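Engineer: Take this structure, written in structure tokens, and hold onto it; I'll ask about it next.
The values are calculated or read from the model by the stated rules, or taken from the named source; none is laboratory data. In this text, all values refer to a predicted model and were calculated from it rather than measured experimentally. Here Cβ is always computed from backbone atoms with ideal geometry, including for glycine, and neighbour counts include all displayed protein chains.
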Amino acid sequence: MVAWRGTIEVLTRAARELALIAPEALRWPCFLEFEVPRRSRRVDAVILADDVIFPIEWKVGAGNFDRAALWQAEQYALDMRDFHEGSRGRRICPVLIATEALPRANTEARRPDSFVQAVEAATPDELAATLLRQWRANRAVPPDTIDATWWEHSGYRPTPNIVEAASLLYGNHDVKEISVSGAQNLDATVDAVLDLIDTCRAQNRRGIAFITGSPGSGKTLAGLQVVHTPALLRGGEAAGVFLSGNMPLVEVIRAALSESARRGGQRKQDADREVSTFIQHAYAFRNQYAENDTDTPPEHVVLFDEAQRAWDRQQVSRWTRGASTRSEPEILLDVMNRVPDWAVVVAMVGSGQEINSGEAGLGEWGRALRESHPDWLVRASPSVLPDHTAPPGGRLFDDRPSAPIVTPDGRLNLQMNVRSPRAERLNQWVDALLRHDLDTARSAFPDPAEFPMVLTRSLDDARRWLRDRADVDHRAGLIASADARRLRAWGIDTRTLRQEKSWADWFLKPRGDVRGSDQLEIAATNFDCQGLEIDWAGVCWGNDFVPSVGLPSEWRARRFTGTSWSRVNDERAQFILNGYRVNLTRARRGQIIWVPQPDGSDATLDPVDFDRIADLLQEAGVPLLD
């Protein structure tokens, strides 16, 4: 209460000062404790100065403008810009007030081309002058004054993570309600799949649609939306099933949906059974129907997530001990060929994300269609068809087949990064880094104000950086390559989650629970987190993937066996590279990359290797943590 009295006194004094200099300020509405919808947070004060928005963060009793407080004020402003409909397209000028601080010069440059300006640090005595200066610099002439009542009640649409999105869709929301502004391609992709379903149902045909896109572009979200489309519901039950060979993804989403249903009053066993009907492990589906060729699935639509990870013939043969010599794409297509009347397979394919041996990639689906199912209708983006540069994961067909009938559909390629809408350039930066194209990487490096990304040689500093940014709404976690085995020297064991199968705990347990990612003790690997995401990532870079010495410059992948490192074949090297692609694209808001700095006493941890990694990352644009 004392703090609020002081805050109101400061605002009142500032209002009096403004009234003398700029009487029009008397009409500026002020909101105290403005609640951010669907988030456990409030902005201390928001002033609507005609068409300029001032979110004000107070630090009562603070004697300095510390970096964490400046960052918090900036995040509020960026969230308002990105997700609050009333603030979209407006100039937003965040202000941080430290009540006991001495005046200081604001050193951050204004961003004249940005809707969000740099945070202004002000003492209570400077508030009026700060507001007046920013108002004059950012207002339109004539002003397009914001209607305060409309602004207060306008919608707030934060971009959900994949677990939140699944929960919303499970609650019968539409993808249009939960997708980030500007991701219209996501809606179009869903429409493209529904068009194929309508065609196959009307013509008693079978078809397959390939949804492609870079990491974080919304492939899984589009697939979940299709499963829950009202047109596919039969008596309240889904006519489609969502399959994934990604066990962590299935376990995490199942656990989240089941817990949500239990909070709604369902018994645990009923909730678990209901959730398991529409999201299933691909291998369980495969085993059930492949082993009995007279058994037919009840669903007409099957969605296969991470379809590039489907097994090839050799891997299936190894797993079944020779009982089957068909690849997973062949098996799935054969199974859906049994469904009466019509059927549609929707394959979500991540570009360049094959991370393990036996993963067939997009080309195996093309081979299975051409050789075994030439009567199927095929829809795919032109980017994975002949006459286009092959994407990182290869093409569906390398030449134009006479059969099956292939219809190019650009709507099936997702491009916007809905995982991290503030880092549109992140995927470009990662691709350039992994190609060793440092000039392109530097030019594509994400705007630090939008997507902070820094480098450190200290694990303690990395943890501190992450803890400063994580809160009740924003999850942080450590991520490492599964092959970075010698990170164990710093207490980072890359086998824990997989051995314990504790993915749901890591991704879902709240802050303060030692099993959760926020504890920053257990690292998720590329196998644990593919298809999933966290807000703030600490990417732990191991010496399984180091720059080569000499020219031409390239990455050198290796694996640790026994007591030493050994070279790997080209296929394994590609898997390790793709694993780093996965790890570097898990963060939604920002990330810190930790490159260890060993003392040279351990022969398996050559300091020169780690120094080369750190140097290369800096050449690619990543700044050292101050």
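Engineer: Which pairs do you get when a residue that is farther than 21 Å from ALA462 by Cα and in the same structural domain as ARG556 (by TED's automatic domain parsing), found in segment 594-609, comes within reach of a residue that is not in a loop (DSSP other than H, G, I, E, B) and not hydroxyl-bearing (Ser, Thr, Tyr), reach meaning Cβ atoms under 6 angstrom, with the pair 6+ apart or on two chains?
Structural biologist: GLY600/PRO607; THR604/ARG486
Engineer: Let me ask something else about it. Restricting to segment 182-235, count the residues that are at positive phi and at pLDDT below 85.
Structural biologist: 5
Engineer: A follow-up question, please. Out of (1) under 31 Å from the mean Cα position of the chain (by Cα); (2) more than 30 Å from ARG572 (Cα to Cα); (3) β-branched (Val, Ile, Thr); (4) modelled with pLDDT under 85, the odd one out for THR294 is which?
Structural biologist: Just one mismatch for THR294, condition (1).
Engineer: Continuing with the same structure: Return the only residue of ASP460, ASP471 being of a type in the set (Asp, Glu) and under 27 Å from ALA77 (Cβ atoms).
Structural biologist: Answer to the check: ASP471.
Engineer: What pairs can you find where one residue is in segment 401-414 and under 16 Å from TRP376 (Cβ atoms), the other is at pLDDT below 85, and their Cβ atoms are less than 8 Å apart, with a gap of 6+ or different chains?
Structural biologist: What qualifies is VAL406/ARG400.
Engineer: Related question: Given the conditions (1) buried (at least 23 other Cβ atoms within 10 Å of the Cβ); (2) in contact with a Pro (Cβ under 8 Å, 6 or more places away or on another chain); (3) of a type in the set (Asp, Glu), which single one is not true for GLU330?
Structural biologist: (2)
Engineer: Would it be correct to say that SER372 is over 25 Å from the mean Cα position of the chain (by Cα) and at pLDDT below 85?
Structural biologist: no
Engineer: Still on this structure, please answer the following. Restricting to segment 312-330, name every residue that is closer than 14 Å to ASN292 by Cα and in contact with a Ser or Thr (Cβ under 7 Å, 6 or more places away or on another chain).
Structural biologist: SER324
Engineer: Another question, then. Identify the residue in segment 396-409 that is modelled with pLDDT of 85 or more and closer than 25 Å to ASN578 by Cβ and, among all such residues, is surrounded by the fewest Cβ atoms within 10 Å (Cβ to Cβ).
Structural biologist: For segment 396-409, the residue satisfying everything is PHE397.
Engineer: Could I ask something else about it? Only one of ARG495, ARG515, ARG511 is modelled with pLDDT of 90 or more and either touching a helix residue (DSSP H, G or I) at 6+ places or on another chain (Cβ under 6 Å) or assigned by TED's automatic domain parsing to the domain that holds VAL252 (or both); which?
Structural biologist: Answer to the selection: ARG515.
Engineer: Of everything in segment 276-307 that's touching a residue at least 12 places away in the same chain (Cβ under 8 Å) and either hydroxyl-bearing (Ser, Thr, Tyr) or outside the structural domain of ALA347 (by TED's automatic domain parsing) (or both), which residue is surrounded by the fewest Cβ atoms within 10 Å (Cβ to Cβ)?
Structural biologist: THR277
Engineer: Name the residue that is nearest to the chain's Cα centre (by Cα), counting only residues in segment 517-552 that are crowded, with 21+ Cβ neighbours inside 10 Å and aromatic (Phe, Trp, Tyr).
Structural biologist: Filtering first and then ranking leaves TRP536.
Engineer: Would you please name the residue that is farthest from TRP594 (Cα to Cα), looking only at residues in segment 445-460 that are at pLDDT 95 or above and touching a helix residue (DSSP H, G or I) at 6+ places or on another chain (Cβ under 6 Å)?
Structural biologist: Filtering segment 445-460 for residues that are at pLDDT 95 or above and touching a helix residue (DSSP H, G or I) at 6+ places or on another chain (Cβ under 6 Å), the one farthest from TRP594 (Cα to Cα) comes out as PHE445.
Engineer: Hey, can you tell me all the residues within segment 56-76 that are in contact with a Ser or Thr (Cβ under 9 Å, 6 or more places away or on another chain) and either farther than 18 Å from THR123 by Cβ or among the aromatic types (Phe, Trp, Tyr) (or both)?
Structural biologist: Passing the criteria: only TRP58.
Engineer: Would you mind finding the one in ALA121, ALA165, ALA129 that is at pLDDT 85 or above, part of a helix (DSSP H, G or I), hydrophobic (A, V, I, L, M, F, W, C) and touching a helix residue (DSSP H, G or I) at 6+ places or on another chain (Cβ under 9 Å)?
Structural biologist: When all the criteria are applied, what remains is ALA129.
Engineer: Within the set of pairs 6+ apart or on separate chains, which have a first residue in segment 190-218 that is within 17 Å of GLY410 (Cα to Cα) and among the polar types (S, T, N, Q), a second that is at pLDDT 90 or above and part of a helix (DSSP H, G or I), and C-beta atoms under 8 Å apart?
Structural biologist: THR212/LEU412
Engineer: Return the residues of segment 483-522 that are closer than 23 Å to ARG254 by Cβ and of a type in the set (Gly, Ala, Ser); say none if nothing qualifies.
Structural biologist: SER502, ALA504, GLY516, SER517
Engineer: Follow-up question, since we're still on this one. Residues that are over 25 Å from ALA307 (Cα atoms), at least 1 per element: which helices (runs of 4 or more DSSP H) completely within segment 488-598 meet that?
Structural biologist: Result: 496-500, 503-508.
Engineer: Are there any pairs with C-beta distances below 9 angstrom linking a residue in segment 443-470 that is under 15 Å from VAL430 (Cα atoms) and in the same structural domain as GLY516 (by TED's automatic domain parsing) to a residue that is among the charged types (D, E, K, R) and assigned to a helix (DSSP H, G or I), with the two at least 6 apart or on different chains, and if so which?
Structural biologist: ALA444/ASP431; PRO452/ARG469
Engineer: I would also like to ask the following. Name the single residue that is surrounded by the fewest Cβ atoms within 10 Å (Cβ to Cβ) among those in segment 577-601 being within 19 Å of LEU532 (Cα to Cα) and among the aliphatic types (A, V, I, L, M).
Structural biologist: Out of the qualifying residues, it is LEU577.
Engineer: Residue under question is VAL60, and the condition is that it be of a type in the set (Val, Ile, Thr) and at pLDDT below 85; does it hold?
Structural biologist: So VAL60 passes the test.
Engineer: Let me ask something else. Being out of contact with any Lys or Arg (no Cβ under 8 Å at 6 or more places or on another chain) and either of a type outside the set (A, V, I, L, M) or without any contact (Cβ under 8 Å) to a residue 24 or more places away in the chain (or both) is the filter here, so list the residues in segment 611-626 that pass it.
Structural biologist: Hits for segment 611-626 are ASP611, ARG612, ASP615, GLN618, PRO623, ASP626.
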